[in-house]
Amino acid sequence: MKKLAIVLVLFLIVSITTFFVKNKSITGVKHQTNKVEQGAISSSFYTAGTLAYRNQARLSAELVAKVTHIYVQEGQAVEQGQELIKLDDSTVKAEISQMEAQVARGDIEIRRAKNDVEQRQTEWQRQNELTARGMVSKQALDIALNALDNARFQLESNEKNALQNVAALLQKQKLLEKTIIRSPIQGVVIAIPIKVGETAVASAVSLAGSSLMTIADPSSMVVEAQIAEFDIARIKLGQLAAMTTRAVPNETFKGKVTRIARSVNNDSKTASDNKTVRTVAVQIELANSHPQFVSGMSCDLSLIEGAQAKTLLIPLTALRVDEINTDSFSGAKRRDYYVWQVKNGRVVKQMLEIGYADEHRQEVRKGLALGDEIISGPAALLEKLRDGQALPEVDVR
């Protein structure tokens, strides 16, 4: 009996101590309260992006030849049609000389064939007259006619060969023009991956010498961003955006969404589990650029989803959420939002209908009125509050 009494006394002591410790953990902490305010708010979607030129040209050669001259430097402004690079044209010029000789030889063959046709025509006419007089046989006339036909066929063949030679000469002359690389646009030279003496390669793949120069229009700077597929519904064409970058840290650049890709990329991976994340490419056109901007530079984007000019606002720190399972089979959940409101010295759980949010504030559309008092922190204390309990010591903010 003594042992039982000792156990009961110890149990009572532990229970009373626990009760006072729990209550002290709630009542001993100062609460922060705020009143519901009225003001303007805009909601934004935040992501990272990369600066790029919308209008740029990567120049490559259409023949294999050594680079003999480079007339510009990186960073230099160029005009459309300006000469940029000269390729060795000695081989092409030799081929042109050869084709010119073939064209001249073809002209000679045509003249010779025409003379032959005229002679055969005269001979056929003579044989035709003799045959009419009965002076030669019909066989001699047939031989003359056959010789005339052969001469005509030879003339036609020579004329076609001449046309082929002229066409080949024109191709070589056009190829000679391509030994001079000109700028297709007005812009700035942003890359020259080849040097004088190196060989330019006519290739569409990334081989050494396949890329000669890159020209970009600096006024066509855009921002490219990869948006996760589960967020792409928040992005719309024409959506306003704001961009900041470390290159110009004290200035915000405005723009709008001008392109949303119609396919997804599978290149991105999450840092936590290395799983592939499907993303959609989005392009934002800037209203103005800056001389410090360079293609490939990283930047921060905020895409404005919506705004309210006059609405009820509370601190984001006050907002709480309950997740409720709505379908045990699929695991679907519903999110109910609420705050701890102060009413008559007690804490009341007040359900809300919310709207837009920014980095610090949340719009309230239903559930609260202007001037209502709510508890906004600290977070550890909000977790311990219970509906209907007495309001502890309060630190009004």
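For GLU109, state whether it is among the acidic types (Asp, Glu), surrounded by 12 or more Cβ atoms within 10 Å (Cβ to Cβ) and under 30 Å from TYR53 (Cα atoms). No: the conditions fail for GLU109.
Yes/no per residue for (1) without any contact (Cβ under 8 Å) to a residue 24 or more places away in the chain; (2) touching a His at 6+ places or on another chain (Cβ under 8 Å); (3) surrounded by 15 or more Cβ atoms within 10 Å (Cβ to Cβ):
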site	(1), (2), (3)
MET297	no, no, yes
LEU316	no, yes, no
VAL321	yes, no, no
TYR337	yes, no, yes
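Taken across the range 198-209, residues that are crowded, with 17+ Cβ neighbours inside 10 Å, modelled with pLDDT under 90 and not hydrophobic (A, V, I, L, M, F, W, C) do occur, with at least one present.
The values are calculated or read from the model by the stated rules, or taken from the named source; none is laboratory data. Predicted, not measured: the structure shown is a model, and the values here were computed from it. When we count neighbours, we look across all protein chains shown, and the Cβ atoms used for this are built from the backbone with ideal geometry, even at glycine.
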